[in-house]
């Protein structure tokens, strides 16, 4: 007699639980946040976003957020550009005392923007004097921007600072030590960007070397290299925009002595864009023509 076997009963798998209503809301909210947060950050930091008169006044005094001050300054500059075409924009002058006040503000980026803005109105009361004082600013970029703005006042006092904008920046080690981290040659760097770290004997924290200008690393010490205090660690060439503005300024006030700083930008090399090379050529011609008269 054959053994009796029990039939196999197949059981259906348990039904998958779908997301609850709260879970769906959380899922979609997270998705929107991922998309929306970068936009909100861009929107809050974009200087082209229009501001009301009240917002400009508030932003100019927002010491907790220097970028708000810069945003207000850029908006003022845009209004200054149309001040002579539209009588309604004459009220922009109510912020002129703030522009003079910010000439010695503690944040370099604010002073730099402020120097540029004051150059938009050569008739601005007190601007000429403020810009002349900014030629002694500790920042080379602030001095350069002040010098460029003075050109619009018909004042070539800052010409040496404009020439300096064409020169590479040499970054020096303040201590004896060893390079424990360094960026790569040819890398683009922004103002204040970290170039290298130097570990000094007896110091628990390495010294950070940062670029004083925006530009591109021309040369830099390798990681592991030993350096002496006062020795060169890196060289940063000026950013294209900075060099172009300097060449435009020298087109008007440049002298024969400045040609040695201009000639390198006339070379046909990949590092020099065509529009920058052409500006250098035109600037040299303008200087030579002035010297003949």
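Determine the shape class of the range 169-238: with a ≥ b ≥ c the square roots of the Cα gyration tensor eigenvalues, call it rounded for a/c under 1.5, and otherwise prolate if a/b is greater than b/c, oblate otherwise. It comes out prolate by the Cα gyration axes. Taking packing as the residue-averaged number of other Cβ atoms within 10 angstrom, the listed peptides 282-289, 183-190, 160-167 run from highest to lowest as 160-167, 282-289, 183-190. Using bins of 5 Å that start at zero, the share of Cα-Cα pairs per bin across the range 103-198 amounts to 2, 13, 20, 18, 14, 11, 9, 6, 4, 2, 0, in whole %. Whole-percent P(r), the range 223-293, all Cα pairs, 10 Å bins from 0: 19, 41, 20, 15, 5, 0.
None of the figures in this text is laboratory data; all of them are computed from the coordinates on show. The shown structure was predicted, so the numbers you read here are calculated from the model rather than taken from an experiment. Glycine gets a Cβ as well: all are built from the backbone with ideal geometry, and neighbour counts include every protein chain shown.
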